[in-house]
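Bear in mind these aren't lab numbers, they're just calculated from the coordinates by the rules spelled out. Because the structure is a prediction, the values reported are computed rather than measured. Here the Cβ positions follow ideal geometry from the backbone for every residue, glycine too, while neighbour counts run over all protein chains shown.
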Amino acid sequence: MAEQILNRLGRMSGALAAGAFTVSQCLYNVDGGERAVMFDSLRGGIRPDVRGEGTHFFIPFLQRPNIIDIRTKPREIPSITGTMYLQMVNIKMRVLWRPIVEELPKLYQELGTDFDERVLPSIGNEVLKSIVAQYNAEELLSKRAEVSERIKTEMTKRARNFHLTLDDVA
């Protein structure tokens, strides 16, 4: 009698352990300041919805969650550029940026996870060179606020095309 109870208890604990392991492999956590986009091989790619903070289910081998940090981050973009009279100027632009949450699936699909390394330096250099080239060295100092505002406006517009929002440009 005691042997049967112990055998039954052993089988139940083994089944319980296997079930708990299976369930734990189907869960993932999205922490604060992060969002997840799901790659679904059954539906042929990135799903259009964005998963918020919390614990979520996924199907192993068929789905893969990709967690993306959405907190505001600083980025410094150095550029050596020419002024109107081809005087070389060394400028550094500091950008506080973050991805647009609603557009994370498009962002991940088009640019991958290292989107900030690909996008910000290229648009930063392009915008700096195009705007600084319209002023001479003296005007860059005397019209600093105007130049800064033009750079901020153009950077914000260009970053929006890449599903990024800029909180501050200096």
Note to self: Being among the charged types (D, E, K, R) and in contact with a Phe, Trp or Tyr (Cβ under 7 Å, 6 or more places away or on another chain) is true for just one of Arg51, Arg47, Arg64, Arg43. Which residue is that?
What the structure shows: Arg64
Next item on the list: Assess whether Leu107 counts as being out of contact with any Pro (no Cβ under 9 Å at 6 or more places or on another chain) and either surrounded by 13 or more Cβ atoms within 10 Å (Cβ to Cβ) or more than 30 Å from Lys157 (Cβ to Cβ) (or both).
Entry: no
Checklist line | Given (1) under 30 Å from Glu149 (Cβ atoms); (2) in contact (Cβ under 8 Å) with a residue 40 or more places away in the chain; (3) touching a strand residue (DSSP E or B) at 6+ places or on another chain (Cβ under 8 Å); (4) not aromatic (Phe, Trp, Tyr), number of the condition Gln87 does not satisfy | finding: (3)
Check: Which ones in segment 47-78 are surrounded by 13 or more Cβ atoms within 10 Å (Cβ to Cβ), closer than 30 Å to Asn125 by Cβ and of a type in the set (Asp, Glu)?
Finding: Asp69
